[in-house]
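S.K.: The structure under discussion is supplied below as structure tokens; questions concerning it will follow.
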Amino acid sequence: MIIRDVPIQERPRERFLREGARALSNQEILAIMLRTGTKHYSALQVASTLLSTYKTLTALSEASLEEMKLVKGIGETKAIELSAAIELGKRILREGKGEKRVIASPDDAVQLVVNDLVGIHQEHFVVLYLNTKNYVIKQKTVFIGSLNASIVHPREVFKEALRTSSAAVICLHNHPSGDPSPSPEDISVTKRLYEAGKILGITLLDHIIIGDEANFISLKERGFISM
């Protein structure tokens, strides 16, 4: 439906002002975020195409800029704006988990990052930096790509730990295959990080691998990290 064919009182912005965001459909909210359409497509039409292309908001949230730009009516600027809005939503969700930012178990660590790591198509290696009371000082994605000992260099992991005066770190990464079973490379990287941490006086508390549906394996619990 073209915006000009919609009665003024039923247009997304007017409904937002009158009824609030909760009353709007996903298509209407996306149309507001897009602000304008193109010469040939209204914002509502572009929003509808996005939803029919990606089926769910979760799938849309995982789309890259290049993938979004394949949708008619989405240029680089609109793709960037959508990606920024999606990232803001993820950060708000993480803030809402503030009460869980003291890590007492592998499950606590997983719950902190699971929304960022489940269902994505590339491996993301995330580090939680902790103080002496296991409170999370910072969370950082160190790299994206296939896990490789030459890429996951201890320097990149512990550089931020030194900068933030962290006492310990927890490393987490996902397996896009959905199977969290550790590979020989996972074990090799873990041992390398553990030894580097010992030299620096920064403890590697755990390395956790996350699979489908938040299933995970703790390499500490498997005995690959000795305390």
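The values are calculated or read from the model by the stated rules, or taken from the named source; none is laboratory data. Predicted model only: the values in this text are computed from it and were never measured. As a convention, Cβ positions derive from the backbone with ideal geometry for all residues, glycine included, and neighbour counts pool all protein chains shown.
S.K.: Taking the condition in contact (Cβ under 8 Å) with a residue 24 or more places away in the chain, surrounded by 12 or more Cβ atoms within 10 Å (Cβ to Cβ), under 21 Å from residue 212 (Cα atoms) and of a type in the set (D, E, K, R), does residue 81 pass?
M.R.: Here the answer is no, as residue 81 does not meet what is asked.
S.K.: Could I ask something else about it? With 66, 62, 19 as the choices, which residue is at pLDDT below 90, assigned by TED's automatic domain parsing to the domain that holds residue 80 and more than 15 Å from residue 85 (Cα to Cα)?
M.R.: Answer to the selection: 19.
S.K.: So, residue 207, is that one assigned by TED's automatic domain parsing to the domain that holds residue 136, surrounded by 14 or more Cβ atoms within 10 Å (Cβ to Cβ), in contact (Cβ under 8 Å) with a residue 12 or more places away in the chain and on the phi < 0 side of the Ramachandran plot or not?
M.R.: The answer is yes for residue 207.
S.K.: Does at least one position in region 12-20 carry a residue that is part of a loop (DSSP other than H, G, I, E, B) and within 30 Å of residue 121 (Cβ to Cβ)?
M.R.: Scanning region 12-20 turns up no residue that is part of a loop (DSSP other than H, G, I, E, B) and within 30 Å of residue 121 (Cβ to Cβ).
S.K.: Find the helices (runs of 4 or more DSSP H) located wholly in region 25-75 whose residues include 3 or more that are touching a residue at least 24 places away in the same chain (Cβ under 8 Å), and list them.
M.R.: Output list reads 26-34, 43-54, 57-61.
S.K.: Here's a follow-up. For region 191-227, enumerate the residues that are over 22 Å from the mean Cα position of the chain (by Cα), more than 16 Å from residue 161 (Cβ to Cβ) and not hydrophobic (A, V, I, L, M, F, W, C).
M.R.: Listed by number, the residues that qualify are 191, 220, 221, 222, 223, 226.
S.K.: May I pose another question? Please go through region 99-117 and pick out each residue that is crowded, with 19+ Cβ neighbours inside 10 Å and assigned to a loop (DSSP other than H, G, I, E, B).
M.R.: 103
S.K.: If I filter region 153-190 down to residues being within 22 Å of the chain's Cα centre (by Cα) and free of Cβ contacts under 8 Å to residues at least 24 places away in the same chain, which single residue comes out as surrounded by the most Cβ atoms within 10 Å (Cβ to Cβ)?
M.R.: So the residue we want is 153.
S.K.: Here's a follow-up. With the requirement that a residue be touching an Asp or Glu at 6+ places or on another chain (Cβ under 9 Å) and acidic (Asp, Glu), what does region 185-227 give you?
M.R.: Answer for region 185-227, where residues must be touching an Asp or Glu at 6+ places or on another chain (Cβ under 9 Å) and acidic (Asp, Glu): 206, 212, 221.
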